[in-house]
Amino acid sequence: MRVYRLPGDVTKGIIKCETRHIYCALGRSGPSVFKREGDGASPAHRPMGVVTGFFRGDRVRRPQSAIQFEALDSDDGWCDAPSDPNYNLPVKLPFSASHEVMMRDDNLYNIGLVLDWNMSPRGRARYRGSAIFMHLCRPGFQPTQGCIGLKEGDMRWLLRHIDANTKFTIMR
């Protein structure tokens, strides 16, 4: 499945799935083939499969999908510290190294997919960058930190039309 950036705005895109076009938010730096930790770019031209799904069971119902979804717990985090052995892996909180809290105060992670960016092998040091999620977007499709953001209704529709063999490729 291809994600095309919109002409004139590198931070917004369209996912083409069957006959439907789904608008999405991309990273604040737009698509890049030179993705690095913290650069705000969305990784371009590399197919990314779906590793797993997650959702906030205290806020939304489990998505209908062929993808396996796990409910987030209050102690779920994601390590984004390149020097830590747990880099780009889920961790339990409290966690001493730099990390993201998965149960966010906003709604971005109410539903999400972990895409297989920098998973096997995990590149640490300064190249590649940590996880790329497909998650819910901010109002007006404001840019992400490199992930793909969708409206909840579009996310739920898409999840009913993909499976473990689906690959997403962000085009430049």
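Worth pointing out:
- Check on residue 65, surrounded by fewer than 18 Cβ atoms within 10 Å (Cβ to Cβ), hydroxyl-bearing (Ser, Thr, Tyr) and modelled with pLDDT of 95 or more: no
- Taking residues in segment 147-172 that are under 14 Å from residue 22 (Cα atoms), and partners anywhere that are open to solvent by 30 Å² or more (accessible area, probe 1.4 Å) and of a type in the set (Asp, Glu), the pairs with Cβ atoms closer than 7 Å and at least 6 places apart or on different chains are 161/18.
- Residues that are modelled with pLDDT of 95 or more, of a type in the set (S, T, N, Q), over 23 Å from residue 9 (Cβ atoms) and in contact with a strand residue (DSSP E or B) (Cβ under 6 Å, 6 or more places away or on another chain) occur at least once in segment 105-112.
- Among the residues here, residue 58 qualifies as open to solvent by 80 Å² or more (accessible area, probe 1.4 Å), out of contact with any Gly (no Cβ under 6 Å at 6 or more places or on another chain), over 21 Å from residue 128 (Cα atoms) and not in a strand (DSSP E or B).
- Within segment 155-172, the residues that satisfy the criterion of being polar (S, T, N, Q) and in a loop (DSSP other than H, G, I, E, B) are 165, 166.
- Within segment 81-100, the only residue that satisfies the criterion of being open to solvent by 60 Å² or more (accessible area, probe 1.4 Å), within 17 Å of the chain's Cα centre (by Cα) and closer than 16 Å to residue 38 by Cα is 99.
- Segment 9-54, subset of a type in the set (S, T, N, Q) and out of contact with any Lys or Arg (no Cβ under 9 Å at 6 or more places or on another chain), residue nearest to residue 115 (Cα to Cα): 52
- When residues of segment 1-32 are limited to those that are under 18 Å from residue 163 (Cβ atoms) and out of contact with any strand residue (DSSP E or B) (no Cβ under 7 Å at 6 or more places or on another chain), the one modelled with the lowest pLDDT: 18
- Scanning segment 136-172 for residues that are within 19 Å of residue 32 (Cβ to Cβ), modelled with pLDDT of 95 or more and either surrounded by fewer than 23 Cβ atoms within 10 Å (Cβ to Cβ) or among the hydrophobic types (A, V, I, L, M, F, W, C) (or both) turns up 141, 142, 143, 145, 147, 148, 167, 168, 169, 170, 171.
- Residue pairs meeting the criteria (Cβ under 6 Å; at least 6 apart or on separate chains; first in contact (Cβ under 8 Å) with a residue 24 or more places away in the chain and over 22 Å from residue 128 (Cα atoms), in segment 82-105; second assigned to a loop (DSSP other than H, G, I, E, B) and open to solvent by 50 Å² or more (accessible area, probe 1.4 Å)): 103/74
- Every condition in (1) of a type in the set (Asp, Glu); (2) within 25 Å of residue 120 (Cβ to Cβ); (3) free of Cβ contacts under 8 Å to residues at least 60 places away in the same chain holds for residue 58 except the one numbered (2).
The values are calculated or read from the model by the stated rules, or taken from the named source; none is laboratory data. Because the structure is predicted, anything quoted here is derived from the model rather than measured. Note that we place each Cβ from the backbone using ideal geometry, even for glycine, and neighbour counts take in every protein chain shown. The area values use the complete protein model at the heavy-atom level, side chains included, leaving out ligands, DNA and RNA. Shrake-Rupley method; radii C 1.70, N 1.55, O 1.52, S 1.80 Å.
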